[in-house]
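Each remark here refers to the structure printed beneath this line.
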Amino acid sequence: MAQTMQNKPLAKKETAPAVKVNDLRAPKMATQAKSSPATAAKSQAKSVSQVQAFKTAIAAKNSPKVLSSAKSMTDAERKSVAENSTTMNALLAMKTDYYVKASMDLLYTHVNDDAVMQSFVEKRYGVKLGSKTIRGTIFKLLCCTSDTEQAWTVNGARHLYYSLGLLPPSHVDKVCSITTMNTSSGGGGVALDWTGSYNVNYTDSNTKAIAGNGYCESKNDYKYSLNSLDCTMVHELGHIVDIGKKYSGRADFRAISDWKAEGNSSQNIATMIESYAVTPFPEGLTKEEKDIAREGAKLLVKKRVVGDSNGKPIEKNILPTVQKAYQNLGKRGGKEATILDKAVDWFKGNTDNNGYRGAAELTKVLLNSTVYKHIARSFTYYYTVADGKRYQYMPWYKGARNDMKRQIHEGYEGRGWYSFSNDAWKQKISMYQFRDPGEEFAELYASYHVANPKGSKTSAAHKEWFERMGLHRDKPATSGRGGKF
């Protein structure tokens, strides 16, 4: 657990604000007041003695003394020893115990070496950075095959150290390895719960970005002001805590946003979209045209006929599917009628195709229907007409649809559709929570633990449920790696 410690009081006329351990936003030491040469010399001698005492304690492998010296040093003195890789590697070589961990918590914000900071994370939390384990290798092969693994930078590893320190030790114990595949222009992550491994990408030059950049719709979203990288690191660990949908699959959790799993059946999805739409189809359609429209909707879902990059239906993509609907229902007019067809219709008096328009004309009408527009904008991926390449569309980032009584879209490609209440959108943590219930749990897990004070950046309903599950604290019977801290 994160812990608050005080620096040793400085000489008279000096102030030392409390420094919160494991907090990257900790205040810097106040500028020291001017003093006489004699006082300055005495202070310098004291400084040297504290730094030397720290190094001597490390050499003697006296961990209680190491912590005592680290506490007695000023922030500037801690910086001087933390930036000395030789001293830090000697500290890392000591046996891991409470005192060594506490000393590292006082020093990590000043570490400026990539390898040392990586080792700090591994020693402090007992996790491996990179795919150094069997489970880590399996995770990489299954989830990150198209990427090249990168080494953690000091900025990224420092955020990871801080983020893990926010969590109950028993939760961190579930983690095996943490990788990164992009440290220059990255973002987001991926986890595979049963491997205990996850990946986080980030932009090293901008690790202070807030979560509102891309994840939130407005400043009213609970997650908006939180650090994006810290949230991602905790979010992915949340998936490991939620192994096998342990929490996100619970009925009482899903009730908060009124989640409903709609499955993958094209018939069911088309039917539910129609039932959730305020006005499913335009007025004036005949019974036969509505039958054709519904059959077409089912085929659009089944064939994954998607819209353009803005989710707008594309007429030349829709028309063949509507024509197929005519054929499936045995309706004339699906194709352009031949001269013979027209002659037969004239002879029989069927000048209006027995109560329905032809496919081309009806398609133009259906393009503007709520059902057809919603299908085109509800898949995780879309395909461009020009080059046939696949791009992500991600409907959960497109905002709530005012023409729907409930929101419904695909979560992960091929894994099913979900719907949730419109009211849930009004009290959201972030837009990403609405990909599926598992992502809502991970967003809740991150926003609860990263917020200061904890639990202050989520809805009352989410907070009550989270704390009722005991996810805000360590289990009484567990101690975490190396003892509860």
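The values are calculated or read from the model by the stated rules, or taken from the named source; none is laboratory data. As the structure is a computational prediction, the values presented were derived from the model and not from experiment. For neighbour counting, all protein chains shown are included, and Cβ atoms are generated from backbone atoms with ideal geometry for every residue, glycine included. Accessible surface is based on the protein model in full, side chains and every heavy atom, while ligands, DNA and RNA are left aside. Shrake-Rupley method; radii C 1.70, N 1.55, O 1.52, S 1.80 Å.
Numbers for the structure displayed
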{"quantity": "Length added when fully stretched, Ser185-Ser80, from 0.36 nm per residue minus Cα-Cα", "calculated": "34.7 nm"}
{"quantity": "Dipole moment magnitude, nearest 20 debye, the range 141-283 about Cα centre, only Lys, Arg, Asp, Glu C-beta charged", "calculated": "380 debye"}
{"quantity": "Estimated FRET transfer efficiency (Thr133, Arg468; beta-carbon r; R0 30 Å; 0.05)", "calculated": "0.30"}
{"quantity": "The range 114-180 - Rg (one decimal) and Dmax (whole number), Cα, Å", "calculated": "11.8, 33"}
{"quantity": "Interatomic Cα distance distribution for the range 197-248, bins of 10 angstrom, percent", "calculated": "24, 43, 30, 3"}
{"quantity": "Calculated FRET efficiency for the pair Lys245/Lys426, C-beta based, R₀ 30 Å, to 0.05", "calculated": "0.75"}
{"quantity": "All-pairs Cα distance distribution in the range 233-330, expressed in whole percent, bin size 10 Å", "calculated": "12, 32, 25, 19, 10, 1"}
{"quantity": "In order through the range 306-317: 3J(HN,Hα) via Karplus (6.51 cos²θ - 1.76 cosθ + 1.60), integer Hz, x for Gly, Pro", "calculated": "9, x, 7, 5, 9, x, 8, x, 10, 4, 6, 8"}
{"quantity": "Largest to smallest accessible area among Cys216, Cys143 [probe 1.4 Å]", "calculated": "Cys143, Cys216"}
{"quantity": "Per-pair calculated FRET efficiency, R0 = 60 Å: Gln392 and Lys287 via Cβ, rounded to 0.05", "calculated": "0.95"}
{"quantity": "Hull volume in cubic angstrom per residue (convex hull over the Cα atoms of the range 62-109)", "calculated": "61 Å³"}
